[in-house]
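These notes concern the structure reproduced below.
What follows draws every value from the coordinates through simple rules; no lab data is involved. What you see is a predicted model, and the numbers here were worked out from it, not measured in a lab. Using ideal geometry, Cβ is built from the backbone for each residue, glycine included, and neighbour counts are taken over all protein chains shown.
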Amino acid sequence: KAIHLSDYTPFGWQISQVELTFQLAPKATRVTSKISFVPNADAPSQEFFLHGEQVKLIWAKIDGETVTPTLSETGLTCDVPQGAFIWEAEVEIAPEGNTALEGLYMSNGMYCTQCEAEGFRKITFYPDRPDVMAPFTVRVEGDLPVLLSNGNPSAQGDGWAEWTDPWPKPAYLFALVAGQLEAFSDSFTTASGKHVDLNIWVRPGDVEKCDYAMDALKRSMKWDEDVYGREYDLDVFNIVAVDDFNMGAMENKGLNIFNSRYVLASPETATDLDYARIEAIIAHEYFHNWTGNRITCRDWFQLCLKEGLTVYRDQQFSGDMRSHAVKRIEDVLMLRARQFREDNGPLAHPVRPESYVEINNFYTATVYEKGAEVIGMLKQLVGDDSYAKALDLYFDRHDGDAATIEDWIKVFEDATGRDLGQFKRWYSQAGTPRLDVSDDFNDGTYTLSFKQKTPATPGQDQKEPQVIPIAVGLLNPNGDEVQPTTVLEMTDAEQSFTFTGLSTRPVPSILRGFSAPVILNRDTSADERAFLLAHDTDPFNKWEAGRALAKDVLMRMVSENTEPSAAYLDALRAVAVDETLDPAFRALAMGLPSQDDIAQSLFDSGVTPDPDAIYRAAKRLKRAAAQHLLADLPNLYGQMACPGPYSPDAKDAGRRALRETVLSLLSETDGGAQAAVQFAAADNMSDQLSAFASLLSVGAGDDAVASFYDQWKDDRLVIDKWFSLQVSYAAPEKTAALASELTTHKDFDWKNPNRFRSVIGALSMNAAGFHDPSGASYTFLADWLIKLDGANPQTAARMSTAFETWRRYDADRQGMIRAQLERIAAQGGLSRDMGEMVGRMLGS
Ligand code: ARG
Ligand code: ZN
């Protein structure tokens with residue numbers, strides 16, 4: 001059942017040309033294919049096998065002669081001639097009943113596709129693997145005004161359109177869209193003067209919500225030219241927004257398909273965070289045109305080759321567009337919340353996994369986010385110039401290839417002359433390294449000593465030392481920097497580094513910019529953390545000092561029931577009112593660590609986390625902060641108002657973020673009075689939603705729940721927010737009941753992934769509510785996972801990760817979660833997706 005990296009063998013044929021014709025009909029779409037196969041001289045001889053699932057074969061021919069292939073659940077085999085031959089077939093599929101949203105499916109009357117990773121085999125019989133690349137010509141026939149596929153439009157008539165994609169591509173990049181759509185159009189001229197038509201296709205009525213995505217697209221195109229020297233390579237670039245989509249978006253060649261929440265935005269309906277995500281995801285999918293499409297992956301084990309690199313590129317882009325400091329902090333927050341969590345549990349796996357049962361289960365934070373961190377480390381180790389050289393060589397050498405991580409590493413070795421053999425462990429070794437630090441000062445010499453240790457992960461008991469770039473700076477006790485940032489290269493299990501010629505013992509700032517995805521352990525006093533928060537010149541570590549301080553305080557509040565420390569509250573106030581700091585940074589520095597983060601840290605320190613106690617401590621700390629800042633809050637709130645019309649730019653968004661933090665503290669002291677005023681007056685979704693959240697969090701949201709629904713009941717994306725916010729802010733003991741009640745609401749459509757996530761996903765992220773000692777949330781989630789698994793395995797399996805932290809908790813909770821996991825595992829007809837996830841979480 002499991003597929004192994006070590007078993008890779010090339011396909012026995014190459015494809016020189018693919019021609020497809022679609023006759024669209026909801027219940028019975030006909031797909032005719034004509035595929036030119038040529039023997040692959042580099043492959044061992046093998047039986048001719050084409051993938052095909054849930055497709056009904058009508059007829060098949062080889063070189064014009066009817067053949068009778070042997071069919072199975074997963075595809076077909078057939079006797080084929082020795083040399084080159086032409087395969088033709090007609091199949092029937094039923095897009096309307098396709099609730100898995102994989103292959104060709106329907107969303108609100110519109111046809112669309114999702115083929116990555118292995119969806120094309122649900123469209124027709126084909127070698128559905130990324131190392132088989134071919135140029136496609138596609139004819140779409142249907143009684144719909146807009147008929148789209150990959151590449152350039154090559155011909156059209158009444159009820160049909162033909163598309164030609166000259167760039168050889170694997171089947172996972174195939175796309176087709178047909179529907180009653182309207183375009184928001186623009187154009188872009190590339191650096192070499194080529195004109196490109198740009199269209200964003202949406203349902204009528206949504207055209208006014210495309211301007212920001214279009215702007216982000218044009219900026220992405222320009223940025224990839226300026227920074228990576230990459231131009232676009234077709235006459236047209238189409239983007240389509242669909243409401244039913246399992247993931248965020250998909251980089252199909254020349255025809256990106258997006259979850260509509262990552263395209264559509266207006267000031268009234270989208271928050272600052274929505275705008276930032278739209279910008280990042282538009283860029284991400286566009287950047288895939290080179291890192292993913294022109295150079296693709298040999299097999300799915302190499303997924304990080306395209307995803308890690310493309311995430312890294314979209315992070316650089318967002319940093320350039322907004323603020324590098326703020327972007328880095330946000331990225332690390334997300335890395336810790338999702339990837340560290342994954343890496344520390346039963347689902348831990350290497351950035352390049354070595355086996356899988358269902359590849360869709362490996363579109364993970366580890367492959368994407370840790371994959372991006374690995375690129376960032378590589379860049380720090382070789383330097384910016386060598387990175388640029390290596391990337392040029394990569395595009396030059398591998399354009400048109402289905403490549404591997406070995407190819408990627410080799411490019412860096414050849415460009416720099418470095419041996420990256422040890423560095424490569426970042427791709428094969430799972431788990432988050434722990435980095436213990438001690439220091440010593442003697443006679444003007446300062447020594448930093450590091451020990452690295454990576455805990456065992458499933459299937460990997462022994463870990464070897466990694467190459468860890470440790471960016472370090474030193475400060476004098478008066479606050480001056482005596483050693484600007486330098487990158488130490490740790491390669492051994494234990495290693496020391498010295499700094500000489502110092503007059504006094506310095507204060508170290510270690511792992512600046514979060515230079516490696518590790519957990520840094522160092523006994524540091526609250527005073528030293530407060531000192532770094534006040535003086536560190538590295539914005540990431542400045543923030544990190546405050547975060548560490550807050551974490552220490554909160555953990556002691558939980559485990560020793562202490563009072564919130566005055567040192568922390570003073571430091572918090574100092575940051576809040578420091579007008580030399582960017583408001584966005586201040587907002588981040590004032591945020592409390594998440595309850596899930598505290599639970600993991602307590603567990604790591606040998607304490608069994610009690611989600612309820614963590615919830616109460618976080619509430620107490622928030623109230624104490626509100627009291628401590630009481631005199632400053634109204635003033636700050638006024639200062640951070642953004643006069644004039646709404647603009648989604650980073651500057652205003654930062655002010656609104658700080659204002660939101662202030663409002664949420666203020667609400668702890670005024671019972672939501674100010675929030676109610678803001679809610680009523682808001683002319684943009686950021687202000688409206690932050691007020692709504694504040695009201696809910698102090699239990700004063702009833703009126704807002706009703707009026708928000710009335711105002712927005714016709715806007716799907718906003719109603720998703722309405723569902724999710726209520727569940728996110730529900731009191732722990734009421735979370736399961738509320739979520740359950742919301743699933744009976746007439747607007748709850750469980751087959752729509754966004755809506756499903758807005759209730760069931762929100763429940764799983766409400767830490768105290770999810771882990772309520774009654775176990776009600778566990779049962780509720782398991783019930784829904786079982787139900788959704790029957791319709792949409794991919795989204796169900798993804799949501800099952802809510803249970804991945806189960807071994808952190810006490811025996812009662814563990815027992816209840818285990819029982820739910822076992823109940824799911826025992827279901828008849830469980831999907832391969834869910835079966836694998838539950839099996840791994842149970843450790844079987
Ligand atoms: N390649 C897409 C992206 O990261 C993600 C598609 C994942 N889809 C899936 N079914 N696993 O942009
Ligand atoms: Zn991607």
### Query
For Ala681 and Glu733 in one chain, what is 0.36 nm times their gap in residues minus the Cα-Cα distance, to one decimal in nm?
15.5 nm
### Summary
With +1 at each Lys and Arg Cβ and -1 at each Asp and Glu Cβ, the charge dipole magnitude of the chain around its Cα centre, to the nearest 20 debye, comes out at 1220
### Query
Arranged from highest to lowest average of other beta-carbon atoms within 10 Å per residue, in what order do the peptides 326-335, 192-201 appear?
326-335, 192-201
### Message
Quick check: net charge around Ala43, other residues with Cβ under 15 Å of its Cβ, Lys/Arg +1 and Asp/Glu -1?
### Response
-3
### Message
Please compute the contact order of the chain in relative form: average sequence separation of alpha-carbon pairs under 8 Å and at least six residues apart, divided by the residue count, as a percent.
### Response
8
### Query
Which whole-Hz couplings ³J(HN,Hα) result when phi for each residue of region 354-367 is put into the Karplus expression 6.51 cos²θ - 1.76 cosθ + 1.60, θ = phi - 60°, listed in order with x for Gly and Pro?
10, 7, 8, 9, 10, 4, 4, 6, 10, 8, 10, 4, 5, 5
### Query
Do any of Lys1/Lys410; Lys169/Lys194; Lys218/Lys306; Lys389/Lys410; Lys194/Lys651 go past 24 Å between their Cα atoms, and which?
Lys1/Lys410; Lys194/Lys651
### Message
If amide hydrogens are placed 1.01 Å from N in the peptide plane, which non-local residues have theirs closer than 5 Å to the one on Glu118?
### Response
none
### Summary
Summing +1 per Lys or Arg and -1 per Asp or Glu among the other residues with Cβ less than 15 Å from Ser496's Cβ gives -4
#### Entry: Compactness relative to 2.2 N^0.38 Å, alpha carbon Rg of the chain
0.96
### Query
Length gain on complete extension for the stretch Ala811 to Tyr709, per 0.36 nm per residue less the alpha carbon to alpha carbon distance?
32.7 nm
### Query
Tally Lys and Arg at +1 and Asp and Glu at -1 over the other residues with C-beta under 14 Å from the C-beta of Cys78: what net charge comes out?
-4
### Message
What's the ranking of 306-315, 130-139 by average number of surrounding C-beta atoms within 10 Å, highest first?
### Response
306-315, 130-139
### Query
Excluding same-chain residues fewer than 8 positions from Lys551, which lysines have a Cα within less than 25 Å of its Cα?
Lys327, Lys370, Lys451, Lys453, Lys542, Lys619, Lys622
### Query
Considering only Thr291, Asn252, Pro346, whose Cα is most displaced toward the positive end of the charge dipole of region 204-349, charges sitting on Cβ of Lys, Arg (+1) and Asp, Glu (-1)?
Pro346
